[in-house]
Amino acid sequence: MLKCNIRSRCHSVLMLFALLLSVVVVHAASAQTIRLHVDGTTTLGTPTNPNPGETWSNPYKYLSAAIAQANALLSGFTPPAKVDIWVRGATVSGVTYRPDESAANPTGSGSRTATFTLRQYVSIYGGFAGTESSSQFNLRSPATNITILSGDLGTVDAFVAGSSGHTYGNYSDNSHHVVASSVFLGANPGTPAAPHLDGFTVRGGNADGGSNANGAGIWVYQGNPTIRNCIIEQNTTTNTAGGFYLEDGNGHPILRDCTLRHNTAGAGNPLSFARGGGFSSENAEPYSDKWDECVNGCIELLP
């Protein structure tokens, strides 16, 4: 019990206590996690207000729209809240999301610069059946509910795996980078602020020239995203890193429990300095401290 012999001193102590309590309450409110839902099978073009996308019954159809909403929500918080985006997959053929699709362009704009851009304080999770409650995150299964991020924007890809090289048919209209992350957060990988991508198949990128010749699947510039439980496959570049590329060694990505397969670097360009069909890093060796936690089989590399 608080006891004060001098009224003014007691009043000051109580005022200070109230101020500290208000700071704690405001901080707790501002640190909330907002959850958005994406279901590519929904017939809704856009979710309805209020609280668009915050339930499976009122989801976003397009992942790009949910990412834009996350950006809008975060702009109103200081310090930022955290946004989790839950994305529905499906068995067998999965559910495919393309970066050029939106309510305005439901069949896609065809822009090869379209990409899914990761940003700080946003975590994107695939592998949901589309029925999970807020307490059932652990019920998701990326292996069962396949969730695909695809750079196949136009004519359907005709990929053929080969023992001595792969064929990337109809890739000329594909996105340069399926996923991109260029958020520099110093040496703080794995923190809540770092972008997260977890539970997806990333395929169909074609980084085929100029400033877009590296990192067709996932391109990271000075970023520290956490990429987990992903399959990165069927991506090709005319230069470096068909699957995953870290440009500039200041980045500190975490790449964990991922499979990289059927990716090609230097496709059709024998005179290039092609390297790293699966992945490559600039100014950082794959198993150095620049690749936090990337040890002991965190990546499975397949032909």
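Tell me, in nm to one decimal, what length is gained between residue 160 and residue 136 on full extension, where the rule is 0.36 nm per residue of separation less the Cα-Cα distance?
Taking residue 160 through residue 136 to full extension adds about 4.9 nm, to one decimal.
Classify the range 198-265 from the C-alpha gyration tensor, please: rounded if a/c falls under 1.5, else prolate or oblate depending on whether a/b exceeds b/c. Working shown, then result.
Numbers: a/c = 2.39, a/b = 1.14, b/c = 2.10.
Since a/c reaches 1.5 but b/c is at least a/b, the shape of the range 198-265 is classed as oblate.
Between residue 167 and residue 191, what length comes free when the chain is fully extended (0.36 nm per residue of separation minus the Cα-Cα distance, one decimal in nm)? Intermediate results must be reported in sequence, preceding the final value.
Numbers: separation 24, 0.36 × 24 = 8.64 nm, distance 3.89 nm.
Taking 0.36 nm per residue and subtracting the Cα distance, the gain is 4.7 nm.
Using amide H atoms built 1.01 Å from N in the peptide plane, name the residues 5+ places from residue 232, or on other chains, whose amide H lies under 5 Å from its own.
Hits under the 5 Å cutoff: 202, 259, 260, 261.
Multiply the residue separation of residue 44 and residue 93 by 0.36 nm, subtract the distance between their alpha-carbon atoms, and state the gained length in nm to one decimal.
On the way: separation 49, 0.36 × 49 = 17.64 nm, distance 2.13 nm.
15.5 nm is the gain from fully extending residue 44 to residue 93.
Quick one: if you stick a label point 7 Å off each Cα along the C-beta vector at residue 259 and residue 75, how many nm between them?
In this crude label model, residue 259 to residue 75 measures out at 4.0 nm.
Throughout, read-outs are computed from the coordinates displayed, never taken from laboratory work. What you see is a predicted model, and the numbers here were worked out from it, not measured in a lab. FYI the Cβ positions are ideal-geometry reconstructions off the backbone, even for glycines, and counts take in every protein chain you see.
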